[in-house]
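Remarks on the structure that follows.
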Amino acid sequence: MPVMQLGDAELYFEEFGSGDEVIVSAQMHFDPDGYTRLLAERNPGFRIYQITLRGYGNSTHIYEDLGPRLLHIWADDVYRFSRKLGLERFIYSGVSHGAGVGWRLALDHPEALKAFISIVGAPHDRTGGDSSEARRRTQEGADDPKAFAESLRERPLLYAVPTKDPRRLERRRLAQERAIARFASMKPEELRLNQRKPFPEAKTNEELAAVLARVSVPTLLLCGVQDDIISAEMSLLAARSVPGAKAVFYQDHSHTLPGEAPERICMEIELFVRELNEGWIYLENPMMRGQET
């Protein structure tokens, strides 16, 4: 696995495909059969970069609570990564916390983005504290990662929609086993990381809508209606607020959407990029003039 030196940190990453359409994604981890790798396999026009976020895995670890600054640092890491690779513009795609990085990129570095794809990653409801329940649980398990990992057998972090689909059931079983193994092997400092909800300056959902209205890059939101981390209502708020946004809602999916239906994620990304390149997605925002393909 290659490493990118950013001066104050090392970022581990993987590259798949060799096409002209570049997608960058950053997460705490990537499944070996996830949508990013699948997208490169099924479409020769794509080149994918998977970045392990600072603080996790083989990237440089973090030993202090950086609070909301962490999302800014992650977004800046991705931006600097793209500059070192010589990427003029790229599509950023992220799942959940990885989408939080994308929201910051969209506001901090819009000139670098051709588009942003948020997968079960609309900003959280302003109620309920500054962190999701799942994030709070991982923090609480930091003192004993193995015990925390075993607790996931009885109490998973994410709600799974009841289904009889054998593909989804098998993927769900595999995801649980992977999650248990992954969390058991994580270091305490990894489990303690908490980037907080995106845009903490927005204290109400109305204020959040105003922040999202400043996003000036083409945006696709892929949302699970039964998501217990990012509610359908918050996904709809983002879809209504971001200029020109496109949103796809899956009624029978939750926050586990990307793990249970990576093929559907790929199909929507392929369609969105085709729409983008054919000029169906056009923003009147002056910041985007001259950037449409």
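The values are calculated or read from the model by the stated rules, or taken from the named source; none is laboratory data. Not measured: the values here are computed from a predicted model. Please note: Cβ atoms are built from the backbone with ideal geometry, for glycine as well, and neighbour counts cover all protein chains shown. In case anyone asks, the SASA skips ligands and DNA or RNA and just uses the protein heavy atoms, side chains included. Shrake-Rupley method; radii C 1.70, N 1.55, O 1.52, S 1.80 Å.
Taking a sphere under 11 Å around the Cβ of Ser235 and counting the other residues whose Cβ falls inside, with K and R at +1 and D and E at -1, yields a net charge of -2. Counting only residues at least eight positions apart within a chain, or on another chain, the lysines with an alpha carbon under 24 Å from that of Lys114 are Lys84, Lys246.
For Phe199, Phe30, Phe249, the ranking by accessible surface with the largest value first comes to Phe249, Phe30, Phe199, using a 1.4 Å probe. Between Val273, Ala175, Gln251, the Cα set farthest toward the positive side of the dipole of the chain (charges on each charged residue's Cβ, about the Cα centre) is that of Ala175. For the chain, the residue among Gly98, Pro262, Ala9 whose Cα projects farthest onto the positive side of the dipole built from Cβ charges is Pro262. The mean sequence distance of close C-alpha pairs (under 8 Å, at least 6 residues apart), as a share of the length of the chain, puts its relative contact order at 19 percent. Just so you know, the Cα atoms of the stretch 83-166 work out to an Rg and Dmax of 17.2, 46 Å. Using the rule -39500 (n - 2.57) for each DSSP H run of four or more residues, divided by the residues of the chain, the 222 nm mean residue ellipticity is -11500 deg cm²/dmol. Entry comment: accessible area of the stretch 55-189 is 46 Å² per residue, from protein heavy atoms only and a probe of 1.4 Å. Computed over protein heavy atoms with a 1.4 Å probe, the carbon and sulfur contribution to the accessible area of the chain reaches 51%. Summary of packing: across the peptides 115-127, 78-90, the per-residue average of other C-beta atoms within 10 Å ranks them, highest first, as 115-127, 78-90.
Charges were assigned to the Cβ only: +1 to each Lys and Arg, -1 to each Asp and Glu. The resulting dipole of the stretch 158-293 about its Cα centre is roughly 440 debye. Per residue, the convex hull around the alpha carbon atoms of the chain comes to 124 Å³.
Net charge dipole, the stretch 70-180: roughly 480 debye, given to the nearest 20, about the Cα centre with Cβ charges of +1 for Lys and Arg and -1 for Asp and Glu.
Working note: Cα gyration tensor of the stretch 96-244, eigenvalues times five, square-rooted, sorted largest first, giving semi-axes of 29, 19, 14 Å.
Restricting to Cα pairs below 8 Å that are 6+ residues apart, what does the relative contact order work out to for the stretch 69-184? Please round to a whole percent.
20
A straight Cα-to-Cα reach below 22 Å connects Lys187 with the lysines Lys146, residues fewer than 8 places away in its own chain not being considered. For the chain, the dipole from Cβ point charges (+1 on Lys and Arg, -1 on Asp and Glu) about the Cα centre works out to 180 debye, to the nearest 20. A Cα-only calculation for the stretch 1-86 places Rg and Dmax at 13.3, 41 Å. Note on the chain: antiparallel DSSP beta bridges, both residues inside, total approximately 25 percent of the bridges counted.
Dividing the convex hull volume of the alpha carbon atoms of the stretch 164-293 by its residue count gives 149 Å³ per residue. With a Förster radius of 30 Å applied to the C-beta separation of Asp65 and Arg178, the computed FRET efficiency comes to 0.65. The calculated FRET efficiency for the pair Ala9 and Ser131, based on their C-beta separation and a Förster distance of 22 Å, comes to about 0.40.
What the Cα convex hull of the stretch 83-126 gives, in volume per residue, is 69 Å³.
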